[in-house]
Amino acid sequence: MATLAIVDDDAVTRETLNAYLSEEGFDVLQAGSAEDLKALLETRRIDLLLLDIRLPRQDGLTLTRELRAASDIGIILVSSRGDKLDRIIGLEMGADDYIAKPFEPREVLARVRNLLRRLDAPAQGREDRRRSFEGWTLYIDRMQLVDPTGAAVRLTGAEFELLSTFVSNAGRVLSRDYLLTVTTRRKTEASDRTIDSLVRRLRQVVEADPKAPRLIITVHGSGYLFAGDVAQG
């Protein structure tokens with residue numbers, strides 16, 4: 001049974017989600033602030049957060065960056081419909097997904113289940129489509145990246161989608177507009193900056209020297225090119 005934490009300063013939102021998700025079999029915890037969440041994390045193992053962006057004192061964006069630097073915990077940001085820029089920044093900081101208020105509990109449940117399946121995929125050990133490059137292996141169906149030593153590497157959903165697009169189109173120059181279209185469902189809210197930020201993060205993962213990249217190459221005025229030799233399996 002997965003453990004979820006609802007982090008929101010609105011008690012009605014917390015109780016509504018708690019009632020619905022508990023009935024669906026989840027162990028649900030509640031926190032009204034970043035401080036409350038940190039106290040929970042000291043004593044409980046939490047698999048996934050439903051994290052409101054607008055929190056008192058320490059906001060959800062700052063908390064996302066802090067958590068992602070130290071943890072692989074699943075993070076779904078919750079924001080109002082007017083917080084488009086904040087949601088983009090949150091995804092760039094490492095959140096896995098977002099959902100806008102007001103929301104339907106069934107949509108929240110679907111997003112929670114989808115993210116938990118992806119986070120659990122490395123442990124399932126199943127074979128699936130894969131692409132290999134420079135000692136790295138990308139498992140397409142289980143959404144997993146394995147480094148040259150055989151260790152699984154954590155990627156957010158957006159990072160995985162972008163890397164998968166690169167390795168599936170190795171040797172082709174891909175424009176930022178194309179990358180936005182194929183790697184994200186957030187076309188109306190994402191921007192060139194989103195892609196550039198994701199590229200920087202991927203370089204930190206797969207490049208020996210991110211400041212002198214050999215795999216993900218910038219083609220000025222055009223976009224990006226994946227220059228590695230890719231083998232399919």
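The values are calculated or read from the model by the stated rules, or taken from the named source; none is laboratory data. Every value quoted in this text rests on a predicted model; they were computed, and no experiment measured them. Methodologically, a virtual Cβ is constructed for each residue, glycine included, from the backbone with ideal geometry; neighbour enumeration extends over all protein chains shown. Just so you know, the surface numbers come from the protein's heavy atoms only, side chains and all, with ligands and any DNA or RNA stripped out. Shrake-Rupley method; radii C 1.70, N 1.55, O 1.52, S 1.80 Å.
Tell me, please, whether a residue that is under 15 Å from the mean Cα position of the chain (by Cα) and of a type in the set (Asp, Glu) can be found in region 63-72. If you could, list the steps in order and put the result at the bottom.
First, the residues of region 63-72 that are under 15 Å from the mean Cα position of the chain (by Cα): 63-72.
When the remaining residues are screened for being of a type in the set (Asp, Glu), the result is 66, 72.
Taking every residue of region 63-72 in turn, at least one turns out to be under 15 Å from the mean Cα position of the chain (by Cα) and of a type in the set (Asp, Glu).
Failed condition for Glu66, given (1) of a type in the set (Asp, Glu); (2) over 18 Å from Leu115 (Cβ atoms); (3) open to solvent by less than 50 Å² (accessible area, probe 1.4 Å), with all others met?
(3)
Considering (1) modelled with pLDDT of 85 or more; (2) touching an Asp or Glu at 6+ places or on another chain (Cβ under 9 Å), say which one Leu225 fails and leave the rest.
(2)
Has region 44-58 got at least one residue that is surrounded by fewer than 22 Cβ atoms within 10 Å (Cβ to Cβ) and without any contact (Cβ under 8 Å) to a residue 24 or more places away in the chain?
no
Just checking, how many residues over region 73-98 are more than 12 Å from the chain's Cα centre (by Cα), among the hydrophobic types (A, V, I, L, M, F, W, C) and open to solvent by less than 20 Å² (accessible area, probe 1.4 Å)?
Going through region 73-98 one residue at a time, the tally reaches 1.
Pairs please, first residue from region 92-114 and more than 13 Å from Ile76 (Cβ to Cβ), second anywhere and open to solvent by less than 70 Å² (accessible area, probe 1.4 Å) and basic (Lys, Arg), Cβ atoms under 9 Å, 6+ apart in sequence or on different chains.
Glu92/Arg201; Met93/Arg68
Would you be able to say whether some residue in region 29-40 is open to solvent by less than 30 Å² (accessible area, probe 1.4 Å), under 17 Å from Ala100 (Cβ atoms) and touching a Leu at 6+ places or on another chain (Cβ under 9 Å)?
No, the conditions are met nowhere in region 29-40.
Please go through region 152-174 and give me each residue that is modelled with pLDDT of 90 or more and among the charged types (D, E, K, R), ordered by number.
Arg172
Being buried (at least 16 other Cβ atoms within 10 Å of the Cβ), modelled with pLDDT under 90 and either closer than 13 Å to Ala231 by Cβ or not hydroxyl-bearing (Ser, Thr, Tyr) (or both) is the filter here; which residues of region 129-151 pass it? Walk me through how you get there before you give the answer.
Let us first name the residues in region 129-151 that are buried (at least 16 other Cβ atoms within 10 Å of the Cβ), namely 130-133, 136-139, 142-146.
Narrowing the set further to residues that are modelled with pLDDT under 90 leaves 130, 139, 142-144.
Across region 129-151, the qualifying residues are Arg130, Arg142, Met143, Gln144.
Restricting to region 175-222, and then to whatever is of a type in the set (A, V, I, L, M) and at pLDDT below 85, can you tell me which residue is nearest to Phe133 (Cα to Cα)?
Among those that are of a type in the set (A, V, I, L, M) and at pLDDT below 85, it is Val182.
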